[in-house]
Amino acid sequence: MMKTMSRTIEELMAVDDPYFPEFVNQVAHAKNTIRVLPAAPAAGQRVLYRLQVTARSSASGTVLSSGGLIVDHGWLRVFGAGTAALPDVATASHFPAVPGNKPPELPGLFLAVDVLGGQFAIDSGMLASSPGHVCYWAPDNLKWTAFDMKQSQFLEWVCQGDLDDFYQRYRWDGWQDEVSALPLNCGIGFFPFTFTAEFDLATASRSVVPMRELIALHIEIASKMGEYALPLAWPDL
């Protein structure tokens, strides 16, 4: 790969048609409940600099408009510029703190995590879809599957998609209150595990688990199953 000099944040921001105002409008008119976590503009610009993408890209949507998005009572957490409890997009995706002359060769760019430890990422060519498309690492099989969307379409789905239908196998009566009360760095663990034949929503027990522990458990088991696990980085926050 040819070496590429890092662009300055001024160069990355200097576009005529930035994407993030459009995304702010999408969030304002969302069908799904969305709580926007605040972040200073400088924080978003630091993340954009690490990603080395311009303000025209769909990746700038959450980064320049929020610390992250808490969607559907907290069931889905979309990464942005980061907060005290939620990593930013670049950190979650293992980007270096300061861009070097060579872009990082990473399997994907993490976009969001759900309360079960399921993960959404843009495929860079090593997951389950074509480069530039979103994949989902599902807690029911610990495999990457194509989501058949680009990032801008995924963000539209976050705002308008039928999340009840997508997650119907895992949603119990009263989940909204239980999930809303969770700290943002925690998820829900089921037992029996969601990826086992024994899992039954009606009889499975639930517990609050730190997200980094839930992800680490899934990665360990997926590796034993011979499945490729892209390790979302969830630092001590």
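The values are calculated or read from the model by the stated rules, or taken from the named source; none is laboratory data. Note that the structure is a prediction, hence the values are computed from the model and not measured. No Cβ is skipped: glycine too gets one built from the backbone with ideal geometry, and neighbour counts run over all protein chains shown.
Could you list all residues from the range 9-54 that are of a type in the set (Lys, Arg), in a helix (DSSP H, G or I) and touching a helix residue (DSSP H, G or I) at 6+ places or on another chain (Cβ under 7 Å)?
The one that is of a type in the set (Lys, Arg), in a helix (DSSP H, G or I) and touching a helix residue (DSSP H, G or I) at 6+ places or on another chain (Cβ under 7 Å): ARG50.
Would you confirm, using the coordinates I've provided, whether VAL15 is of a type in the set (Val, Ile, Thr), out of contact with any strand residue (DSSP E or B) (no Cβ under 7 Å at 6 or more places or on another chain), over 17 Å from PRO96 (Cβ atoms) and touching a residue at least 12 places away in the same chain (Cβ under 8 Å)?
Judged against the criteria, VAL15 is a match.
So, VAL63, is that one within 21 Å of PRO96 (Cβ to Cβ), out of contact with any Ser or Thr (no Cβ under 9 Å at 6 or more places or on another chain), in contact (Cβ under 8 Å) with a residue 12 or more places away in the chain and surrounded by 19 or more Cβ atoms within 10 Å (Cβ to Cβ) or not?
Judged against the criteria, VAL63 is a match.
Does GLU220 satisfy the criteria of being farther than 20 Å from THR62 by Cβ and charged (D, E, K, R)?
yes
Against the condition more than 17 Å from the chain's Cα centre (by Cα) and over 25 Å from GLY67 (Cα atoms), how does ASP148 come out, does it pass?
no
Could you please find all residues in the range 66-84 being part of a loop (DSSP other than H, G, I, E, B), buried (at least 22 other Cβ atoms within 10 Å of the Cβ) and among the aliphatic types (A, V, I, L, M)?
Correct list: ALA81 only.
Which one is farthest from LEU86 (Cα to Cα) among residues in the range 194-207 that are surrounded by fewer than 17 Cβ atoms within 10 Å (Cβ to Cβ) and in contact with a Pro (Cβ under 8 Å, 6 or more places away or on another chain)?
For the range 194-207, the residue satisfying everything is GLU198.
State which residue is nearest to LEU184 (Cα to Cα) when the search covers only the range 220-231 and only residues that are at pLDDT below 70 and of a type outside the set (Ser, Thr, Tyr).
That would be PRO231.
Kindly indicate which of PRO104, PRO87 is modelled with pLDDT under 85, within 28 Å of ALA42 (Cβ to Cβ) and either touching a helix residue (DSSP H, G or I) at 6+ places or on another chain (Cβ under 8 Å) or part of a loop (DSSP other than H, G, I, E, B) (or both).
PRO104
Can you find a residue that is touching a His at 6+ places or on another chain (Cβ under 9 Å) and of a type in the set (Gly, Ala, Ser) anywhere in the range 80-94?
Scanning the range 80-94 turns up no residue that is touching a His at 6+ places or on another chain (Cβ under 9 Å) and of a type in the set (Gly, Ala, Ser).
Quick check on LEU48: is it buried (at least 19 other Cβ atoms within 10 Å of the Cβ) and either polar (S, T, N, Q) or in contact with a strand residue (DSSP E or B) (Cβ under 7 Å, 6 or more places away or on another chain) (or both)?
no
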